[in-house]
């Protein structure tokens, strides 16, 4: 896989990971406590873990053997996948916090 | 609030606006028939740098001041939803932006001439850059709402 493709895949995995850890930490307080105890603040923990996930996943995808030629269409499709992942993750977070703030008793 | 916190909060807002402006410029550049590669690389790098610095300065304010001094005032006031919904959403969406900005920056550097030749590639990168711009703008408006909720 080319470096750029690996980085885009890494970003997709990171956005999904962040969305999952944000929601899970809100619903499962031991995870939030773990983040606070380990990283001083849960928000710092999420940010640092996001960076680690991005670096590791990009590195792993970069190791997948394939042609190193840059395929414009493949890159374009992966950029669109990142775009849709971001929009979907944003909507999931919006609905989650809307539910938590206005609907949940 | 200490002068250092005032500096960090002001820097967070200022750098965030700068980053949004950079990504507006990147988006408009990518939508042109003729992409200016120098401007694309410079502005995507500027936007990335501004987002990272805004992340750090805003993070310092959020971690060391907001939670203890601002959040209780909002939660006890008439507009507790400004924290429970707006701030929770804002602080977490903000985590996405540096990663997205990094991809736009690195794609601008690595693709260069291919961006000039391929319209689909340009449009895909423009969509991502536009998303950064819109999310950044949304986060800025959320900041205004949160500030308003503290004063009431």
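The values are calculated or read from the model by the stated rules, or taken from the named source; none is laboratory data. Since this is a predicted model, take the numbers as computed values, not measurements. Neighbour counts run over all protein chains shown; Cβ positions are idealised from the backbone, glycine included.
Among the numbered conditions (1) at pLDDT 90 or above; (2) more than 9 Å from chain A (Cβ to nearest Cβ); (3) farther than 25 Å from residue A:95 by Cβ, tell me where residue B:133 comes up short.
(3)
Assess whether residue A:46 counts as being free of Cβ contacts under 8 Å to residues at least 40 places away in the same chain and within 8 Å of chain B (Cβ to nearest Cβ).
The answer is yes for residue A:46.
Just one of A:9, A:98 is in a helix (DSSP H, G or I), crowded, with 20+ Cβ neighbours inside 10 Å and modelled with pLDDT of 95 or more; which is it?
Matching residue, one of A:9, A:98: A:9.
Restricting to the stretch A:51-88, count the residues that are within 7 Å of chain B (Cβ to nearest Cβ), in a helix (DSSP H, G or I) and in contact (Cβ under 8 Å) with a residue 40 or more places away in the chain.
Going through the stretch A:51-88 one residue at a time, the tally reaches 5.
Among the residues of the stretch B:107-121, count how many are modelled with pLDDT of 90 or more, within 9 Å of chain A (Cβ to nearest Cβ) and crowded, with 21+ Cβ neighbours inside 10 Å.
Total meeting the criteria: 2.
Taking helices (runs of 4 or more DSSP H) that fall entirely within the stretch B:1-106, which contain at least 1 residues that are surrounded by 15 or more Cβ atoms within 10 Å (Cβ to Cβ) and at pLDDT 95 or above?
The qualifying helices (runs of 4 or more DSSP H) are B:3-31, B:37-61, B:88-93.
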